[in-house]
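Okay, structure first, notes after.
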Amino acid sequence: MDTQQAQLVSTLRRAAGFLNSEQTDGQTDQQTALRAEIIETCDRLDNPICRIAVFGPFNYGKSTLLNALLGEKTLPMDLVPTTGAAIIVRYGSEHKTLITHTNGTVQEEAGTQGLQEYAVLDEQRRMRADVTNVEVYCPHPLLKLGIELIDLPGTDDALDQDNLVQQQLLSADVVIQLLDGRKLMTLAEREHLRDWLLDRGIESVIFVVNFLNLLEQGDRQQVSLRLRFLAESFRASLPTGVSNLYQVDALPALRARLKGDAAAAAQTGLSELESAFQIIGQQAQVGRPIKQVSPRLKALTNSVIPTLELQIEQLSKAESYPAERQKTEIKKKAQTLIQQGFEKDLAKLKTWLTTDNLQKCYRLGLASALKAETAQQWLSEHLKPAWELRKDPVVSWVHQASEFFEHPCSADMHIGFVVEAEAEQLSPSQTRPEERGADKERGIGPVAIATGLGWILGGPLGAAVLGGTSHLVNESNRSEQAPIPKAIDYAAQADIYLSRFSAEALAVIDAYETEADEIIQTKISDPYPQSSVAHAAQIDLLQSTITELLTLTETLP
Ligand SMILES: Nc1nc2c(ncn2[C@@H]2O[C@H](COP(=O)(O)OP(=O)(O)OP(=O)(O)O)[C@@H](O)[C@H]2O)c(=O)[nH]1
Ligand SMILES: [Mg+2]
């Protein structure tokens with residue numbers, strides 16, 4: 001691999017890291033498979049050993065062919081579907097078998113007998129569920145060159161086997177697609193070549209045709225012609241001196257090898273294939289990759305980019321539309337509406353409360369009531385309802401906000417419309433003690449004023465209102481000597497009352513507004529402050545990985 005390919009391998013490894021994300025809905029199996037594919041390929045590309053895998057439907061003679069090459073009956077062969085694991089054959093000074101179990105334990109056995117137990121399909125044609133890996137070590141010179149052979153279960157029989165084969169093919173530097181000379185290139189074989197190999201960037205493919213020995217002489221010639229056409233129609237990426245088509249009679253070749261009959265072996269076509277393996281092995285030894293690295297890397301890049309883009313899309317969606325965020329949006333809209341309603345009704349209340357307005361509207365009525373000594377009644381029947389009519393909508397907005405934002409505090413505005421002399425003892429903006437206690441129990445802090453007539457009762461008007469006595473509240477000594485005015489200007493007194501009422505009520509409203517603002521402007525917190533940040537960071541990472549992949553593959557040799 002050159003530097004750029006090595007860089008791409010490292011970026012692809014990073015991309016693979018994104019493929020176990022649980023945040024992406026569905027496609028999990030597909031992602032896991034792609035992840036395994038990338039890791040496997042990258043591992044293989046980092047490793048100088050040349051791996052040759054043989055695949056094809058069951059009973060095509062795959063194991064027989066490999067045994068013929070090895071010159072011994074190492075791999076299990078039979079008339080029924082046999083090979084039940086990916087058996088990796090590599091160099092070892094002595095025969096031994098390593099079986100890796102799903103629980104992680106590695107079992108080592110001398111010889112290759114263990115294969116019969118661990119690498120063969122059971123009667124239901126199932127692979128052993130407790131075995132993940134089977135390796136066989138053989139002292140064969142071809143293997144010593146740095147070649148590894150992989151015997152695979154037959155295809156087109158069971159999904160598990162097909163999946164295993166597909167996955168193992170990715171790890172191979174050279175793939176031998178074994179064909180049956182009697183039924184060349186079935187539809188399934190064509191599809192495997194396209195879907196499992198070429199589309200995944202595996203172009204170092206050699207066709208080996210078996211069973212030609214079972215054909216009549218005339219048929220054999222016809223098949224040979226078709227084979228040549230097939231080989232020429234497909235340009236494989238193979239080292240110079242290696243053809244993409246060999247004809248080998250596997251069983252006769254094995255027999256000849258077992259007998260040590262070199263002449264008979266040569267008749268079977270095995271020697272040509274062996275020579276090809278020699279070339280491949282020698283190239284691997286000098287560190288030249290047999291497999292064309294770039295197409296494989298490009299294919300992986302093409303597979304992984306849409307998956308990363310999908311993740312970006314899903315993360316962006318998750319960012320904008322989770323249920324919580326929608327709730328937050330609704331709350332924010334409600335907050336705006338409540339705020340606008342509150343401001344509108346408050347403005348109405350304040351306009352009504354201006355001294356000018358109050359005097360214009362109520363001077364006459366209050367003056368008459370004062371004169372008739374029915375001020376208390378007038379206040380209850382006129383001013384109080386008018387106040388409540390305008391105050392209630394304001395308070396109602398605050399109550400709504402309090403409920404909506406689950407704010408523990410709700411406030412009201414209390415004004416005591418009293419004319420009793422005692423009222424003057426309350427400062428205008430003070431809460432009545434009993435109200436305060438009751439509200440405390442409810443957890444409510446009312447903003448209240450006692451806008452009674454107390455403060456006007458302290459003047460000469462008070463005397464008049466209370467029945468013309470000379471007793472003046474709170475000013476007993478001085479007031480006793482004070483002259484009682486002969487004529488009272490009720491309109492002027494009404495104006496004084498209304499202007500004080502205006503000032504006090506507006507002051508109360510100011511205080512109330514502060515508390516109301518706090519409730520209405522309850523902070524609506526972002527439901528995912530942390531994950532939003534994490535999402536954004538993840539999106540950035542995904543995006544930069546995609547960009548890097550595209551940049552590197554664009555200029556790949
Ligand atoms: N006549 C003849 N029989 C062969 C040839 N090659 C293999 N066989 C027989 O075909 C049968 C299947 O061979 P295997 O090598 O087990 O086939 P396989 O492709 O490995 O099969 P699975 O492991 O089941 O996928 C065996 O009985 C072999 O002896 C051949 O060239 N000629
Ligand atoms: Mg087999």
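None of the figures in this text is laboratory data; all of them are computed from the coordinates on show. All values derive from a computational prediction rather than experimental measurement. FYI the Cβ positions are ideal-geometry reconstructions off the backbone, even for glycines, and counts take in every protein chain you see.
Couple of notes before you dig in:
- 3J(HN,Hα) along the range 337-342, derived from phi through the Karplus expression 6.51 cos²θ - 1.76 cosθ + 1.60 where θ = phi - 60°, amounts to 4, 4, 4, 5, x, 4 Hz, with x in place of Gly and Pro.
- For V54, the residues whose amide H sits under 5 Å from its own are I150, L152, I176, ignoring neighbours fewer than 5 places away on the same chain, with H placed 1.01 Å from N.
- Here is the list for the range 138-194: trypsin sites (Lys or Arg not before Pro) lying in DSSP coil, each with at most 13 other C-beta atoms within 10 angstrom of its C-beta, are R182, K183.
- Counting only residues at least eight positions apart within a chain, or on another chain, the aspartates and glutamates with an alpha carbon under 16 Å from that of K183 are D156, E191, E216, D219, D249.
- For Q161, the shell of other residues with beta-carbons less than 10 Å away shows a net charge of -2, using +1 for Lys and Arg and -1 for Asp and Glu.
- Backbone N within the range 1-18 under 19 Å of label point (7 Å from I305 Cα along the Cβ vector): 4-18
- Entries in K360/K391; K62/K96; K391/K523; K333/K391; K332/K384; K331/K384 that, when Cα-Cα distance is taken, lie over 28 Å: K332/K384; K331/K384
- Residues whose amide H comes within less than 5 Å of that of V131, counting only those at least five positions distant or on another chain, are T102 (H built at 1.01 Å from N in the peptide plane).
- Note on S525 and T354: the extension gain reaches 57.7 nm, defined as 0.36 nm multiplied by sequence separation minus the Cα-Cα distance.
- Amide hydrogen neighbours beyond the local backbone of K96, cut-off 5 Å, H modeled: G111, Y137
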